[in-house]
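Chemist: Before we start, here is the structure in question, set down as structure tokens.
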Amino acid sequence: MNRVKMIGLVLSGLVLASCMPYQGIVKTNVAADNEIVVTPELRALLAANPRPKIVIRVPSPPSNVTEAEKFNSYINLIEKTFLQKGFVVRDRALLENLMKAGNADYQSIQRTIDTDLIIDILALEFNIPNRVNSFYNITLKRNEKFATSLNYVNCAKARLECRITIVEKGQLGGLFTLYASRCDNEDLVFQIMPARNSMLWPQNTNPAWFPDLAVLIESDDFKRAYTQFLTVALANQLVGKVQEAIAF
């Protein structure tokens, strides 16, 4: 092989290598956005009774019948998860009937339902947009930014927001806003071109290159998994434990 051909092959190899896609991954740590406010009174109650009696309340349920039924299934899962974590969970229908009858003062609630805490579910949302503009380049073993603001991975967030009331005192005990994302709980590896402006999911049946990708919480299985994950995170906050990553 003469020298010209050798140089040509080397150059061709370099050009080909420069066009080969890299592997990338995104981790977001959305839990860093959690907002947690706990009063000294709630801390004292939990110190004396780490597994208090609770009742779940939904101040503003969905008005659409279909949505309400699905939302109710998530609330049932929240109650079940608290039970699994060792809490005593009172029937929320008792509280709803008491409120409808106009006897919703805290003394009546404590006497009739025998609960320590009311946990109001203020919001349970999925697929909150969360554009991530940087990634870890697995191939080159370094953190990098995407080429432009039009290139990103939407690591959609799930959010659970709740308010806790101490029934005996009729007093606000805590406010919790907790987040989770599939990007943090799964190793979702994508391919990205060296120019860092187009990427794809290699596991797709018909892979195609796009300027951005999305990691959504779309299926009911995912929504239930993240409802449970966020509830465990809330329960762990109440008992002072560290949350673990979700397993799929």
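Only the coordinates and a few stated rules stand behind these numbers; no lab work does. Quantities reported herein were computed from a predicted structural model and do not represent experimental measurements. Neighbour counts are summed over all protein chains in view; Cβ atoms, including those assigned to glycine, are modelled from backbone coordinates with ideal geometry.
Chemist: Considering all alpha-carbon pairs of the range 57-96, what whole percent are spaced by more than 14 angstrom?
Modeler: Above the 14 Å cut-off, the range 57-96 has 53 percent of its Cα pairs.
Chemist: Straight-line reach from residue 27: which lysines have a Cα under 30 Å away, not including same-chain ones fewer than 8 places off?
Modeler: Within the straight-line limit of under 30 Å, residue 27 reaches these lysines: 70, 80, 85, 141, 145, 157, 223, 241.
Chemist: Let me ask something additional. Considering only DSSP beta bridges with both partners in the chain, what is the antiparallel share in %, to the nearest 5?
Modeler: That works out to approximately 80 percent antiparallel.
Chemist: Rounded to a whole number, what is D in µm²/s for the range 54-204 from Stokes-Einstein with the Kirkwood radius over alpha-carbon pairs (20 °C, 1.002 mPa s)?
Modeler: 114
Chemist: Could you list the square roots of 5 times each eigenvalue of the Cα gyration tensor of the range 128-224, that is, the equivalent ellipsoid semi-axes, sorted largest first and rounded to whole Å?
Modeler: Listed largest to smallest, the semi-axes of the range 128-224 are 37, 15, 11 Å.
Chemist: Another question, if that's okay. How high is the FRET efficiency between residue 112 and residue 34 when r is their beta carbon distance and R₀ equals 41 Å, given to the nearest 0.05?
Modeler: 0.75
Chemist: Would you compute, from DSSP H runs of 4+ residues alone, the mean residue ellipticity of the chain at 222 nm, taking -39500 (n - 2.57) per run and dividing by the full residue count, rounded to the nearest 500?
Modeler: Here the helix-only value at 222 nm equals -11000 deg cm²/dmol.
Chemist: Tell me, what is the percent relative contact order of the range 90-148, built from C-alpha pairs under 8 Å that lie six or more residues apart?
Modeler: 19
Chemist: Continuing with the same structure: Which FRET efficiency value, to the nearest 0.05, do you get for residue 44 and residue 125 by plugging their Cβ-Cβ distance into 1/(1 + (r/R0)^6) with R0 = 51 Å?
Modeler: Efficiency computed from Cβ-Cβ geometry: 0.95.
Chemist: All other residues with a Cβ under 12 Å from the Cβ of residue 134 taken together, and with Lys, Arg as +1 and Asp, Glu as -1, what is their net charge?
Modeler: +4
Chemist: Right, something else. Report relative contact order for the range 125-194 in percent, whole number only (criteria: Cα-Cα under 8 Å, sequence separation at least 6).
Modeler: Relative contact order for the range 125-194 comes out at 27 percent.
Chemist: Which residues does a label at residue 51 reach in the range 62-83, if reach means a backbone N under 18 Å from a point 7 Å past the Cα toward the Cβ?
Modeler: 78-83
Chemist: For the chain, calculate the relative contact order in percent as a whole number, restricting contacts to Cα pairs under 8 Å that are 6 or more residues apart.
Modeler: 26
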